[in-house]
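Structure first, commentary second.
The values are calculated or read from the model by the stated rules, or taken from the named source; none is laboratory data. Since the structure is predicted, the reported quantities are computational estimates derived from the model, not experimental observations. A quick note on method: Cβ atoms are made from the backbone with ideal geometry, for glycine too, and the neighbour counts reach across all protein chains shown. Calculation scope for accessible area: heavy atoms of the full protein, side chains included, ligands and nucleic acids excluded. Shrake-Rupley method; radii C 1.70, N 1.55, O 1.52, S 1.80 Å.
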Amino acid sequence: QVQLIESGGGWVQAGGSLRLSCAASGRTFYYMGWFRQAPGKEREFVAAIRWSGSSTFYADSVKGRFTISGDNAKNTAYLQMNSLKPEDTAVYYCAATTHGTLRPYASQSYDAWGQGTQVTVNS
């Protein structure tokens with residue numbers, strides 16, 4: 001079982017930046033990802049990183065603005081969010097897979113989830 005603890009959410013003006021962190025403990029994982037869910041909407045993929053090799057994947061809506069990275073020594077993934085827009089407002093969830101997957105963008109691929117952290121972007 002992988003345990004995930006998120007931090008770093010908050011309130012920011014449009015155009016600003018935030019960095020989310022996700023500290024993992026427990027068994028080995030293959031991918032870490034970030035998803036988000038806005039009120040009244042389905043959870044959507046944001047970004048993912050393959051822990052071995054560091055390949056990264058992004059949703060089109062965040063490409064060029066968000067960067068996912070990982071620190072192997074700290075077992076922590078980060079999501080640097082720049083040029084934030086009001087439509088980025090959502091609860092952001094960190095997730096991890098304990099098995100390989102060909103679909104790191106699909107929530108069904110993940111078997112461990114964090115508690116979520118609120119990100120609010122004010123226009």
Problem set entry | Residues of segment 56-76 satisfying the condition of being of a type in the set (A, V, I, L, M, F, W, C) and at pLDDT below 95 | Ala73
Exercise. Any residue at all in segment 81-91 that is under 16 Å from Glu6 (Cα atoms), open to solvent by 80 Å² or more (accessible area, probe 1.4 Å), assigned to a strand (DSSP E or B) and modelled with pLDDT of 95 or more?
Worked result: no
Exercise. In segment 1-54, which residues are loosely packed, with under 13 Cβ neighbours inside 10 Å and basic (Lys, Arg)?
Worked result: Arg27, Lys41
Problem set entry | Filter pass, Thr76 being touching a residue at least 12 places away in the same chain (Cβ under 8 Å), in contact with an Asp or Glu (Cβ under 8 Å, 6 or more places away or on another chain), closer than 15 Å to Trp34 by Cα and β-branched (Val, Ile, Thr) | no
Problem set entry | Filtered residues of segment 92-102 (kept if buried (at least 19 other Cβ atoms within 10 Å of the Cβ) and either among the polar types (S, T, N, Q) or outside any strand (DSSP E or B) (or both)) | Thr97
Exercise. Restricting attention to segment 103-121, which residues are hydroxyl-bearing (Ser, Thr, Tyr), surrounded by fewer than 18 Cβ atoms within 10 Å (Cβ to Cβ) and under 25 Å from Gln13 (Cα atoms)?
Worked result: Thr120
Exercise. Taking Tyr105 and the conditions (1) of a type in the set (Phe, Trp, Tyr); (2) within 16 Å of Val2 (Cα to Cα); (3) assigned to a loop (DSSP other than H, G, I, E, B), which numbered condition does it fall short on, given that it satisfies the others?
Worked result: (2)
Exercise. If you go through segment 62-73 one residue at a time, do you hit one that is open to solvent by 60 Å² or more (accessible area, probe 1.4 Å), part of a loop (DSSP other than H, G, I, E, B) and touching a helix residue (DSSP H, G or I) at 6+ places or on another chain (Cβ under 6 Å)?
Worked result: no
For this session: Would you check if there is a residue in segment 3-20 being closer than 23 Å to Thr120 by Cα, in contact (Cβ under 8 Å) with a residue 60 or more places away in the chain and among the acidic types (Asp, Glu)?
Result: yes
Exercise. Considering only residues of segment 48-65 that are under 12 Å from Gly33 (Cβ atoms) and of a type in the set (A, V, I, L, M, F, W, C), which is nearest to the chain's Cα centre (by Cα)?
Worked result: Ala48
